[in-house]
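Undergrad: Structure in structure tokens, see below.
The values are calculated or read from the model by the stated rules, or taken from the named source; none is laboratory data. What you see is a predicted model, and the numbers here were worked out from it, not measured in a lab. Heads up, the Cβs are rebuilt from the backbone with ideal geometry, glycines too, and the neighbour counts pull from every protein chain shown. Protein only, heavy atoms only, side chains kept; ligands, DNA and RNA dropped before computing areas. Shrake-Rupley method; radii C 1.70, N 1.55, O 1.52, S 1.80 Å.
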Amino acid sequence: MPNNQGQVSLQNSLPPCQEACPLHQDIRDYLFAIATGDFDQSLKIIKETNPLPFICGTICARHCEDECRRADVDQAVSIRGLKRAAVEFGSSPLPPLVKKTGIGKVAVIGGGPSGLTAASDLAGQGCSVTVFEREQAMGGAVRHYIPLYRLPDEAMDRDIEEIAARGIEFCYGRELGRNLTLDQLEKEGYQAILVALGLPVSRGLDLPGIEGEGILYALPFLKQVKREDFRLTGNPTVIVIGGGNVAMDVARSAVRCGAKKVKVVCLESPAEIPAFPWEIEEAGEEGVEFFYSRGPGEISREKGRITGLVTFKCTSVFDDRGRFSPTLEKECRHYISGDLVIFAIGQGGDPEPLRDQLELDERGRLIYNRRTFATSRRGVFACGEMVTGPGTAVESMADGRLAAAAILSFIKGEAFDAERLVKPVAIEKLEPEVREKIIPMARVEIPMLSPSARVCHFNQAELGFDRMMAMDEARRCLGCIAGAERIDDLCANCLTCLRICPYGVPIINSDGAVEIRNEQCQSCGLCVGICPAYAIKFKLPYIEQAAGSIEPAVKKLLKDRNQEPAVLTITCSYGELGTVETDRATIVRYPCVSKIDSLDLLKAVSLGVDGILVISCPGDREPVACQYKESQFWVNRRISHTCAILTELGLEPERVTLAVLPEPSAESFNRVLEEATQKFKELGPSSVR
């Protein structure tokens, strides 16, 4: 957790996905870890900024995908699906706690995403934290209202168990204003109190015909379905009023609860409806019928029983100033038949728990300072949807994180102002001439149960990626601003990088000097090894880490070789080839073997290996081809260049060989390795050794 204002932002310039994420997670790096098969490292990176990865990997709103630059080439990377893969296949604890203790005693009222995030962050900085929750389980709205087919309890439980393991005390059945007061908490020695309540009240409309049976409200309905196994009787036709994500949850739950037909009525047009597109699509697949641009006018009844809903045409939802003010043409009526009406038009806060404890405005809303998170009472802070209004779970988490930073500053006697925090800035879009050169790669869609299967139960509808699907999808990440940078002091402006870059990233600027546009770089690495002055480096240490592992690998190989030829094997770390394991080879993996430098190969020779086998993946494999242009051409050039140098030195050029696997399998790998080992054995021990 950031403990001062300068640390809240990771850096000033970020990949667009990372800037769009409310938590500013290091998406690029955790996707790279998945692409190279390191799910443990991926989960470790995720947990550095996200204490609820199991929840986010399942139901996150995907703000990151909305800004993914890959979408300008083909489709956005499935970032949320890959987060789920990391938590399912990886293993890593939350970051360690700060050793110092006794910094402060903090009470958090509300165990939803914002409260849990704040509690985790404060505990991570050494505070003693207690979370008070009115229900008998933590999770807030996410726990009680999001249907099981979207978020199984097991996913939530894993996150909450890890948070509890940080030494946080959970107190259940404690409700502010009923059996819990701020006075009581202050008397118990809490130095700061965070009110992190949500929006528990479902809104309705005062329509003619509203009185009587057959009227339900979204949140109570969803909670009954999830926690009380509520089912609809008599196969009713259900009319859901509302067009947001909660309305989609209600509609899809009604389908599973025994509704004969479900009809969604919303003010918005198809282009305006606020629910996420995938929620609308999946609801449609499950048989939900949509009535767009319709405003409810009257609930029709016969002998007290609902028979349908009279609607009016909605010509606009907002006024000229952008305020919610629907315009209905009452002369344009439409009758929608149905037996049951469920309102899903929004949620509100409950002011009663706060009365006589904190200052409220004339509408019963809590008054607080958005910049300091402070309420009218000293030492009492607020966050979450109660003060921000409806949003997504990850947005609430981000708000809880800022509130925790404000509380920590308060305890330490330091000033805090959210407006003065360094705001991250997203890098610019890809230039059209660069974008056009990127190899299109089809998005790997997350497997789901068929619509006919998923409507029969509340089992999770989304099956999730398997390991290989996740690795293939993660390879589609463009690695924004991870790649090449010019070292000004070394660059001789020889223009070599301009000639070999397959994406046209280096340019000559107005001063006549070479400029490598890092924000446009596709991280293929071809320029790094070809620059005669070594005046190019990668912004992130992918290449250096791979090259740095060669010497220790060779030393271990020579120590353990048992009279067999000492063969160093270098492979691509992506896809299936990156997962092949064998006790017959010492393997060094590069993020694409086209990034190998001839000097690294020569160093291995100088250390005494009997042979170096470079194994390249088949670049045209479906569904995911090699993401880098001209990789096969340049790895061949590097190997040929190395062999030429060996010849000039009087060494056998056959000591370094390249093999392209016909298929990326362990069988193919071992066959190529066996053939190469036999050739190296015929050459005999290295004369260098």
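Undergrad: Residues in the stretch 449-475 that are in contact (Cβ under 8 Å) with a residue 24 or more places away in the chain, open to solvent by 40 Å² or more (accessible area, probe 1.4 Å), among the hydrophobic types (A, V, I, L, M, F, W, C) and not in a helix (DSSP H, G or I): how many?
TA: Going through the stretch 449-475 one residue at a time, the tally reaches 1.
Undergrad: Determine if the stretch 109-116 includes at least one residue that is under 30 Å from L180 (Cβ atoms), assigned to a helix (DSSP H, G or I) and hydroxyl-bearing (S, T, Y).
TA: yes
Undergrad: Among the candidates S598, S594, S616, S665, which residue alone is more than 22 Å from G529 (Cβ to Cβ) and of a type outside the set (D, E, K, R)?
TA: Result of the check over S598, S594, S616, S665: S665.
Undergrad: Counting just the residues of the stretch 82-104 that are closer than 30 Å to P447 by Cβ and open to solvent by 70 Å² or more (accessible area, probe 1.4 Å), which one comes out nearest to the chain's Cα centre (by Cα)? First the steps, then the outcome.
TA: Of the residues in the stretch 82-104, the ones closer than 30 Å to P447 by Cβ are 82-94.
Then keep just the ones that are open to solvent by 70 Å² or more (accessible area, probe 1.4 Å); that gives 88, 91, 93.
Working: E88: 14, S91: 17, P93: 18 Å.
Taking the candidates together, the pick is E88.
Undergrad: What pairs come out if I take residues in the stretch 62-79 that are within 17 Å of I427 (Cβ to Cβ) and open to solvent by 50 Å² or more (accessible area, probe 1.4 Å) and pair them with residues that are in a loop (DSSP other than H, G, I, E, B) and not β-branched (V, I, T) whose C-beta lies under 8 Å away, six or more apart or interchain?
TA: D66/A76; D72/K429; D72/L430
Undergrad: Quick one: which of V514, V444, V434, V425 is open to solvent by less than 70 Å² (accessible area, probe 1.4 Å) and under 24 Å from the mean Cα position of the chain (by Cα)?
TA: V444
Undergrad: In the stretch 15-57, how many residues are touching a helix residue (DSSP H, G or I) at 6+ places or on another chain (Cβ under 7 Å), among the acidic types (D, E) and free of Cβ contacts under 8 Å to residues at least 60 places away in the same chain?
TA: Within the stretch 15-57, the subset touching a helix residue (DSSP H, G or I) at 6+ places or on another chain (Cβ under 7 Å) is 15-18, 20-31, 33-37, 39, 41-43, 45-47, 50-57.
From the residues that got through so far, the ones that are among the acidic types (D, E) too are 26, 29.
Imposing the further condition that a residue be free of Cβ contacts under 8 Å to residues at least 60 places away in the same chain reduces the set to 26.
Result for the stretch 15-57: 1.
Undergrad: Are any of the residues in the stretch 133-147 within 22 Å of the chain's Cα centre (by Cα), at positive phi and not hydroxyl-bearing (S, T, Y)?
TA: yes
Undergrad: Here is a further query. Just checking, how many residues over the stretch 308-324 are within 26 Å of V238 (Cα to Cα) and open to solvent by less than 50 Å² (accessible area, probe 1.4 Å)?
TA: 8
Undergrad: Please go through the stretch 505-522 and pick out each residue that is in contact (Cβ under 8 Å) with a residue 60 or more places away in the chain and under 21 Å from V635 (Cβ atoms).
TA: Selection gives V505, Q522.
Undergrad: Still on this model: Which residue pairs have Cβ atoms closer than 6 Å, lie 6 or more positions apart in sequence or on different chains, and pair a first residue in the stretch 179-193 that is farther than 14 Å from F132 by Cα and modelled with pLDDT of 95 or more with a second residue that is open to solvent by 40 Å² or more (accessible area, probe 1.4 Å) and polar (S, T, N, Q)?
TA: none
Undergrad: Checking the condition in contact with a helix residue (DSSP H, G or I) (Cβ under 8 Å, 6 or more places away or on another chain), within 19 Å of G209 (Cα to Cα) and either of a type outside the set (D, E) or touching a residue at least 60 places away in the same chain (Cβ under 8 Å) (or both), which residue from A275, A344 passes?
TA: A344
Undergrad: Out of S269, S300, S253, which single residue is without any contact (Cβ under 8 Å) to a residue 40 or more places away in the chain and either surrounded by fewer than 21 Cβ atoms within 10 Å (Cβ to Cβ) or farther than 29 Å from E329 by Cα (or both)?
TA: None of the other options fit; the residue is S269.
Undergrad: Taking into account only those residues within the stretch 658-689 that are acidic (D, E) and under 39 Å from the mean Cα position of the chain (by Cα), which is modelled with the highest pLDDT?
TA: Checking each candidate, the answer is E667.
Undergrad: Just need a number here: residues in the stretch 340-357 that are part of a loop (DSSP other than H, G, I, E, B) and at pLDDT below 95.
TA: Within the stretch 340-357, residues that are part of a loop (DSSP other than H, G, I, E, B) and at pLDDT below 95 number 7.
Undergrad: Moving to a separate point now. So, of the residues in the stretch 217-240 that are hydrophobic (A, V, I, L, M, F, W, C) and over 31 Å from the mean Cα position of the chain (by Cα), which turns out to be farthest from G297 (Cα to Cα)? It would help to see each step written out before you state the result.
TA: Start the filter on the stretch 217-240 by keeping residues that are hydrophobic (A, V, I, L, M, F, W, C), which leaves 218-219, 221-222, 225, 230, 232, 238-240.
Those still in the list that are over 31 Å from the mean Cα position of the chain (by Cα) too: 230, 232, 238-239.
Details: F230: 29, L232: 25, V238: 17, I239: 13 Å.
For the stretch 217-240, the residue satisfying everything is F230.
Undergrad: Do you know which of the residues in the stretch 499-531 that are assigned to a loop (DSSP other than H, G, I, E, B) and of a type in the set (A, V, I, L, M, F, W, C) is nearest to I543 (Cα to Cα)?
TA: Top of the filtered list is C524.
Undergrad: For the stretch 335-350, how many residues are open to solvent by 30 Å² or more (accessible area, probe 1.4 Å) and of a type outside the set (S, T, N, Q)?
TA: 5
Undergrad: Select from the stretch 553-583 the residues that are of a type in the set (D, E) and not in a helix (DSSP H, G or I) and write down the one among them that is surrounded by the fewest Cβ atoms within 10 Å (Cβ to Cβ).
TA: If we filter the stretch 553-583 for residues that are of a type in the set (D, E), which is where we start, we get 560, 564, 576, 581, 583.
Now narrow it down to the ones that are not in a helix (DSSP H, G or I): 564, 581, 583.
Numbers: E564: 13, E581: 8, D583: 5.
So, considering only residues that are of a type in the set (D, E) and not in a helix (DSSP H, G or I), the one surrounded by the fewest Cβ atoms within 10 Å (Cβ to Cβ) is D583.
Undergrad: Something else: Please work out if P390 is modelled with pLDDT under 95 and open to solvent by 60 Å² or more (accessible area, probe 1.4 Å).
TA: yes
Undergrad: Which of the residues spanning the stretch 368-402 are of a type in the set (A, V, I, L, M) and either in a helix (DSSP H, G or I) or farther than 12 Å from V195 by Cβ (or both)?
TA: If the condition is that a residue be of a type in the set (A, V, I, L, M) and either in a helix (DSSP H, G or I) or farther than 12 Å from V195 by Cβ (or both), then M386, V387, A393, V394, M397, A398, L402 are the ones that fit.
Undergrad: Now for a separate question. Which one of the conditions (1) among the acidic types (D, E); (2) closer than 30 Å to R475 by Cβ; (3) not in a loop (DSSP other than H, G, I, E, B) does E428 fail to meet, given that it meets all the rest?
TA: (3)
Undergrad: Looking only at the stretch 106-120, count how many residues are of a type outside the set (A, V, I, L, M) and over 10 Å from I163 (Cβ atoms). Walk me through how you get there before you give the answer.
TA: Residues of the stretch 106-120 of a type outside the set (A, V, I, L, M): 110-115, 117, 120.
Adding the requirement that they be over 10 Å from I163 (Cβ atoms) leaves 110, 112-115.
Qualifying residue count for the region: 5.
Undergrad: Is it the case, given these coordinates, that L360 is of a type in the set (A, V, I, L, M), within 24 Å of I193 (Cα to Cα) and modelled with pLDDT under 95?
TA: Criteria met by L360.
Undergrad: Among the residues of the stretch 476-504, what is the count of those that are touching a residue at least 40 places away in the same chain (Cβ under 8 Å) and touching a Pro at 6+ places or on another chain (Cβ under 7 Å)?
TA: Final tally of qualifying residues: 2.
Undergrad: Here's something else I'd like to know. For the stretch 182-290, which fully contained strands (runs of 3 or more DSSP E) count at least 3 residues that are under 30 Å from L408 (Cβ atoms)?
TA: Those strands (runs of 3 or more DSSP E) span 192-195.
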